[in-house]
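The values are calculated or read from the model by the stated rules, or taken from the named source; none is laboratory data. All values derive from a computational prediction rather than experimental measurement. Using ideal geometry, Cβ is built from the backbone for each residue, glycine included, and neighbour counts are taken over all protein chains shown. Remember, those area values only see protein heavy atoms, side chains included, never the ligands or the DNA or RNA. Shrake-Rupley method; radii C 1.70, N 1.55, O 1.52, S 1.80 Å.
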Amino acid sequence: MRRRLGATDVWVQDHHVGVGVTALVLITTGAGLLLRFRLDLVIELAEQYAPVFTILSITIGAVFGSIKWVRQRRQARLKATDTTGT
């Protein structure tokens, strides 16, 4: 289990751009489909559910923060590998 988690961590570090873009595309697509097919309902409930937009912005900020964190971990891992490899 630990080896699989480690391998997944390295994979995410190596593919952080794609993972972040995929997450943002899924969030944007979901929001776009909701607005496309339920626009009347969205407008009607917008005042009641205005915090949803706040939650979405926090979520998107968290995705960007996670990408930054993973990039830093990847850079540290690559530096450590570079140092020990030479």
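Check every one of the helices (runs of 4 or more DSSP H) wholly within the chain and list those with 1 or more residues that are within 23 Å of the chain's Cα centre (by Cα) and not small (Gly, Ala, Ser).
2-14, 16-37, 51-85
Please state which one of Ala7, Ala23 is under 20 Å from Thr81 (Cβ atoms) and not polar (S, T, N, Q).
Values: Ala23 fails: under 20 Å from Thr81 (Cβ atoms).
Only one candidate qualifies: Ala7.
On the given criteria, is Gly32 surrounded by 10 or more Cβ atoms within 10 Å (Cβ to Cβ), more than 24 Å from Val12 (Cβ to Cβ) and either out of contact with any Lys or Arg (no Cβ under 8 Å at 6 or more places or on another chain) or among the charged types (D, E, K, R) (or both)? First the steps, then the outcome.
Details: surrounded by 10 or more Cβ atoms within 10 Å (Cβ to Cβ): yes; more than 24 Å from Val12 (Cβ to Cβ): yes; either out of contact with any Lys or Arg (no Cβ under 8 Å at 6 or more places or on another chain) or among the charged types (D, E, K, R) (or both): yes.
Considered against the rule, which asks whether it is surrounded by 10 or more Cβ atoms within 10 Å (Cβ to Cβ), more than 24 Å from Val12 (Cβ to Cβ) and either out of contact with any Lys or Arg (no Cβ under 8 Å at 6 or more places or on another chain) or among the charged types (D, E, K, R) (or both), Gly32 comes out as yes.
Report, by residue number, each residue of segment 38-66 that is modelled with pLDDT under 90 and open to solvent by less than 80 Å² (accessible area, probe 1.4 Å).
Initially, segment 38-66 is screened for residues modelled with pLDDT under 90, giving 38-57.
Within segment 38-66, Val42, Leu45, Ala46, Ala50, Pro51, Val52, Thr54, Leu56, Ser57 qualify.
Within 21 Å of Ala62 (Cα to Cα), small (Gly, Ala, Ser) and open to solvent by less than 80 Å² (accessible area, probe 1.4 Å): does that describe Gly6? Give the steps one after another, and end with the answer.
On the way: within 21 Å of Ala62 (Cα to Cα): no; small (Gly, Ala, Ser): yes; open to solvent by less than 80 Å² (accessible area, probe 1.4 Å): yes.
Here the answer is no, as Gly6 does not meet what is asked.
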